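Values quoted throughout were computed directly from the atomic coordinates according to the rules given, and no laboratory measurement underlies them. Quick caveat: nothing in here was measured; it's all calculated off a predicted structure. Positions of Cβ are backbone-derived with ideal geometry, glycine not excepted, and every protein chain shown enters the neighbour counts.
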Amino acid sequence: MEETPIIILYDGNCPICCRKRDFLKKRDPKGILDFSNIRSSDFQAEKTGTSFSELETKIHALLPDGSLVNRMNAIRVAYRAIGLDWIIAPTGWPIFRQIFDCLYDFVAKHRIFISRFIKKKDNLER
């Protein structure tokens, strides 16, 4: 019996988001994660239970039970699902959680600007 994947909702126009997608895909041979580009012409934000404007400001993950998590929680869920909890664990520890959550918010807010300093990849989705 095949399990319902966790769907990572990401911005296909963002180099940082696409790099994160590629990183996770390479480490997910079982296909536990699925990825949905919110910029795709067939993407329907209303099916997620939140607005497109909310989805484009931060990463979200749609869980098999239908719930939606975002920000660092979405990243933590994705890493745990593919067995990389040891990498992400410190971001959830009480002493570090707030720091990583704030860092995520800063990067998400300035991701397009920050992307200018990252080597471009040819596989951005439009």
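Taking 7 Å steps out from each Cα toward its Cβ at Ile112 and Ile95 produces label points 3.9 nm apart. Within the chain, antiparallel bridges make up roughly 55 percent of the DSSP beta bridges whose residues both belong there. Helix hunt in the chain: which complete DSSP H runs extend at least 15 Å axially by C-alpha with mean Kyte-Doolittle at least 0.0? For the chain, where a helix must reach 15 Å along its axis and average at least 0.0, the hits are 94-109. Along the chain, the exposed loop sites are chymotrypsin sites (Phe, Trp or Tyr not before Pro) outside DSSP states H, G, I, E and B with at most 16 other Cβ atoms within 10 Å, and the longest stretch free of them is 44-116. Entry note, the chain: relative contact order of 31 percent, from Cα contacts under 8 Å with a spacing of 6+ residues. The gain in end-to-end length when the Ser53 to Lys25 segment is fully stretched comes to 7.5 nm, 0.36 nm per residue minus the alpha carbon separation.
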